[in-house]
Amino acid sequence: MQNNEMINNKYAIVAGNAPSLAEIDYKRLLLKYDVFRCNQFYFEDKYYLGKSIKAVTFATQMLAEQIYTTLHLNGNNEYNIESVFIVQHHVLPTTPRELELERLVQIFHHNVFIQTLYEGKYSCNIEAFLGYIKLQKLYYYKNPTSAIFLCAIAVSMGYKEIYLTGIDFYESGAYAFNVLQENILHLMPHFRMDIDSKQFSNKNEFSYHSKEVDLEALTFLSRHYGIKFYNLCPNSPLTQYFPLAPITNNTFIPEEKPQNYTKDIMIPSAYGTERIEIAMPKNNKWNRMHNNIYFKIFSDLIRLPRDMRHYFKNLKKG
């Protein structure tokens, strides 16, 4: 590896949001670790792994809104999130969603809070894995889930032992907590149907995500980079593939969240009722980007109150 930073702990905990997240055997929890979370993690009713998070990543469908929500979570002291990773990459972006993602990457290119897994600060550390994923996506229309990308992020940052929870391959339900909230259903009306129909189920041979794809990606990381994976949840399907973490006699008890915690994605008030896409014609694109609602919202970050600006600017400095 060529671009490692100093990491406080040599152990990473990567958490998906499946039911086993609520069944962590805390006697197996490490005494020191860094946490990686994804997608709707903040909907959780307890701080299953505490408030401090090394990195988060999100699916691309609501990426701009998720980043906006993340800034709110930090500013409201609900979590202490060090960075957001944009993980998706489109070899030949053509759809409005793919073009939108490319524009977001351009906007956040020099932001210290936002990292990109492809062509970013840590990309050189996992070039083989990123090449493998590109081929899987381009030729087989297969892509690992967000939690698996979190593992790749942890590997790129130098972690050699990764402890897993909340990754159930959709075999025991989709989530450990209620995610069917008003705003997320407004942004993704099909979200309820996706969960109800278990569209990502391993039984669907045409599924974009599958247990096989996730396991193959984890195997690649393990063999190519010498990574050791452990399972924190005895009742998780992961038990069939990875050893349980050893007993540490950790006495950690997850903290209950306050009644008014953020349990829905946040939509900036400037959006109104219509979500404006960032994808635009190439002609006059810089002026169009400046007039776009996304650009205005995130450009406003530089005008945050002084104390909050100072906080975000110095997240990496500890």
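For this structure, a couple of remarks:
- Residue that is touching a Leu at 6+ places or on another chain (Cβ under 9 Å), more than 17 Å from THR116 (Cα to Cα) and at pLDDT 95 or above, where the choices are GLU78, GLU44, GLU82: GLU44
- All positions within the range 63-78 that are surrounded by 21 or more Cβ atoms within 10 Å (Cβ to Cβ) and either in contact with a strand residue (DSSP E or B) (Cβ under 6 Å, 6 or more places away or on another chain) or closer than 21 Å to CYS151 by Cα (or both): LEU63, GLN66, ILE67, THR70
- Some residue of the range 309-316 being in a loop (DSSP other than H, G, I, E, B) and either at pLDDT below 50 or loosely packed, with under 10 Cβ neighbours inside 10 Å (or both): no
- Residue count, the range 227-261 (criterion: touching a residue at least 24 places away in the same chain (Cβ under 8 Å) and either hydroxyl-bearing (Ser, Thr, Tyr) or under 20 Å from PRO19 (Cα atoms) (or both)): 23
- Exclusive hit being modelled with pLDDT under 85 and in a loop (DSSP other than H, G, I, E, B), set TYR175, TYR170: TYR170
- If you go through the range 220-240 and keep only what is in a loop (DSSP other than H, G, I, E, B) and over 27 Å from LYS134 (Cβ atoms), you end up with LEU232, CYS233, PRO234, ASN235, SER236.
- Top-ranked residue in the range 39-57 [being more than 17 Å from GLN181 (Cα to Cα) and within 10 Å of the chain's Cα centre (by Cα); ranked as surrounded by the fewest Cβ atoms within 10 Å (Cβ to Cβ)]: ALA55
The values are calculated or read from the model by the stated rules, or taken from the named source; none is laboratory data. A quick note: this is a predicted structure, and the numbers were derived from the prediction, not measured. Counting neighbours? That spans all protein chains shown, and the Cβs are built from the backbone with ideal geometry, glycine included.
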